[in-house]
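Worksheet: the structure to be examined is printed underneath.
Any read-out appearing in this document is the output of simple, stated calculations on the displayed coordinates, not a laboratory observation. Here the structure is a predicted model, which is why all the values come from computation and not from measurement. Using ideal geometry, Cβ is built from the backbone for each residue, glycine included, and neighbour counts are taken over all protein chains shown.
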Amino acid sequence: MDLTTLTMWAAAALGAGFALLGVTGVLAPEFAARAYGVPADTPGTRSWAAAAAWRDVAAGAAVLVVASTSTPAVTGVVLFALALIPFGDMVTVARHGVRDGSAYLPHLAGFAATAAVGAVLVAL
């Protein structure tokens, strides 16, 4: 398997991962919010968690569509744009005063993986 094929599969896996995280958040917003480092203990915060979950479903679906129908460069650019989601989530967690460093890890990992795969695809 060549690098282009491998990296496009990695992009599809990221898309599936985003979508799966979103589905988890739709079905269990309190659990997903805790995993993201933000409490969902009021109707307002549960609503926010559900909205973020649908955002992740849509982002994952977009990556899957682009990865299966477009060029590596276009897929890479889309991944760069979508890397703003986990980065923004990290900023949101920080702005809400979360001090537990483990709350940042899923966002940091998502940002790093999405940006790295995007960079490789753009470079190919």
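Observations on the structure shown:
- Model label points for R46 and V23, set 7 angstrom from Cα along the Cα-to-Cβ axis, are 2.3 nm apart.
- For the chain, the mean residue ellipticity at 222 nm estimated from helices alone is -27500 deg cm²/dmol, where every DSSP H run of n ≥ 4 contributes -39500 (n - 2.57) and the total is divided by all residues, rounded to the nearest 500.
- Degrees, to the nearest 10: 105-123 long Cα axis against longest axis of the chain: 20
- Which label in (1) 1.98; (2) 1.13; (3) 1.09 gives the computed Cα Rg over 2.2 N^0.38 Å: (3)
- Dipole magnitude of the chain, debye to nearest 20 (Cβ charges: Lys/Arg +1, Asp/Glu -1, about Cα centre): 180
- Comparing L14, L82, L105 in a Gaussian network model of the chain, where Cα atoms under 10 Å apart are tied by springs, the biggest mean-square fluctuation is seen for L105.
- Sequence-ordered 3J(HN,Hα) estimates for the range 46-62 from the Karplus curve with 6.51, -1.76 and 1.60 and θ = phi - 60° stand at 5, 5, 4, 4, 5, 5, 5, 5, 5, 4, 5, 4, 5, 4, x, 4, 4 Hz, glycine and proline given as x.
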